[in-house]
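Engineer: The structure that follows is given in the form of structure tokens.
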Amino acid sequence: MCQPTRKPYQCIIPPYISDKISSSPAGDANLDIDPNRSGERRFRNKRKALSRLSKARRSLMANVYNADDAEEMIIELYDAGQLPILPGEMVWQSGQSPKPKEKIAKEAIKGAENTWSFYKNLFNRNSIDNMGMVIQQSIHYRENPRKAFVNAFWDGSQMIYGDGDGLTFGSFTGDLDIIAHELTHGIIDYEANLTYKNQSGALNESFADVFGILVKQWTNKTSARRSNWLISDKILKGKKYALRSMKAPGTAFKNHPELGDDPQPAVMSNYIKMTGDDGGVHYNSGIPNFAFYVAAYEMAGNAWEKAGAIWYAALTDKKALKKSATFKDARKATIAKAKTLYGAGSNEVKAVTKGWDAAEVK
């Protein structure tokens, strides 16, 4: 999400950050944080059209390889050349050797590889659509060639990365959880397809954060109780800043010289009712994020093994989690999946229940 009232696609930078940057004199002159300004209609129409197609049709339009290759990881990397041209010039594809030497290119490739492998190894998922979709990525993208693009997004069929400005933001390939978060938006599109508004939209963002952090934890072999639970602690410049905290929503950044304080709530008593940000999807995602953190912490061990399995089972069950799901629906669905996977009286059920209770979702 990039704009308080519109959503042609999901971006990693929330509106409470983009608004601050866009309103500053320096940001307005030198940065392009909101691709909606010039690309809104193009991407909105694309996402809208794709969402109306069947899963099989969407996959065909997203460059799925033939059945012989469908179980293979296939990644294509393009260079947009600091222009609003997609996908740009192909610079690498799976099977080519050697890989690009540029740091940003290597990060994009590695991030996609780790995300694909996470879903395949843990859930036997065959790429984004579970039908072998090619993962296309474009680096060095700009909507305005004269302004640094400080965002990353999934446009319905591919990943797009800006380089950042090097001052407030680094390259958007620099954090694995950003890449995994945005690719997970694609998975959400093919599974629960949660409506991007109000609580279902906040759940959409939360599921992307959950699996974004899990891919990072799995890749780095970091247990639930050793993780810092910070989303993007490398992109936002400064050692004490991150985009979001799942452990303590509202604390990812404090007294930032340009952004001020993190506004995310952690509990329902602080739920933010608003018309902007599609009903507060980036603000209120802190609540289900906190619920997941507590559940994973209570289970201990590796969060991807049990807590992740429960959340994935809920996400991929369209009967349990409908497009218009509320936080209460997510509570019900995850507790039910915990019972199915681990037993009605299990510690896992107790942990999931404790997580939602801590977030005041009852």
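Engineer: Of the residues that make up region 98-112, is at least one among the β-branched types (Val, Ile, Thr), at pLDDT 95 or above and surrounded by 21 or more Cβ atoms within 10 Å (Cβ to Cβ)?
Structural biologist: Within region 98-112, one or more residues are among the β-branched types (Val, Ile, Thr), at pLDDT 95 or above and surrounded by 21 or more Cβ atoms within 10 Å (Cβ to Cβ).
Engineer: Which count do you get for residues in region 138-172 that are closer than 20 Å to Ile17 by Cβ, of a type in the set (Ser, Thr, Tyr) and outside any loop (DSSP other than H, G, I, E, B)?
Structural biologist: Summing the residues that are closer than 20 Å to Ile17 by Cβ, of a type in the set (Ser, Thr, Tyr) and outside any loop (DSSP other than H, G, I, E, B) in region 138-172 gives 2.
Engineer: Further, regarding this structure: When the residues of region 309-339 are narrowed to those that are open to solvent by 30 Å² or more (accessible area, probe 1.4 Å) and of a type in the set (Val, Ile, Thr), which ends up farthest from Ser285 (Cα to Cα)?
Structural biologist: In this case the residue turns out to be Thr316.
Engineer: From the residues in region 297-308 that are of a type in the set (A, V, I, L, M, F, W, C) and closer than 9 Å to Glu348 by Cα, which one is most open to solvent (accessible area, probe 1.4 Å)?
Structural biologist: Only one residue fits best here, namely Met299.
Engineer: Considering only residues of region 131-158 that are polar (S, T, N, Q) and modelled with pLDDT under 95, which is most open to solvent (accessible area, probe 1.4 Å)?
Structural biologist: Asn144
Engineer: Run Tyr342 past the list (1) among the hydroxyl-bearing types (Ser, Thr, Tyr); (2) under 24 Å from the mean Cα position of the chain (by Cα); (3) open to solvent by 20 Å² or more (accessible area, probe 1.4 Å) and report the number of the one that doesn't hold.
Structural biologist: Unmet for Tyr342, out of (1) among the hydroxyl-bearing types (Ser, Thr, Tyr); (2) under 24 Å from the mean Cα position of the chain (by Cα); (3) open to solvent by 20 Å² or more (accessible area, probe 1.4 Å): (2).
The values are calculated or read from the model by the stated rules, or taken from the named source; none is laboratory data. From a predicted model like this one, the values you see are computed outputs, not experimental measurements. Heads up, the Cβs are rebuilt from the backbone with ideal geometry, glycines too, and the neighbour counts pull from every protein chain shown. Just the protein is used for accessible areas: all its heavy atoms, side chains included, with ligands, DNA and RNA removed. Shrake-Rupley method; radii C 1.70, N 1.55, O 1.52, S 1.80 Å.
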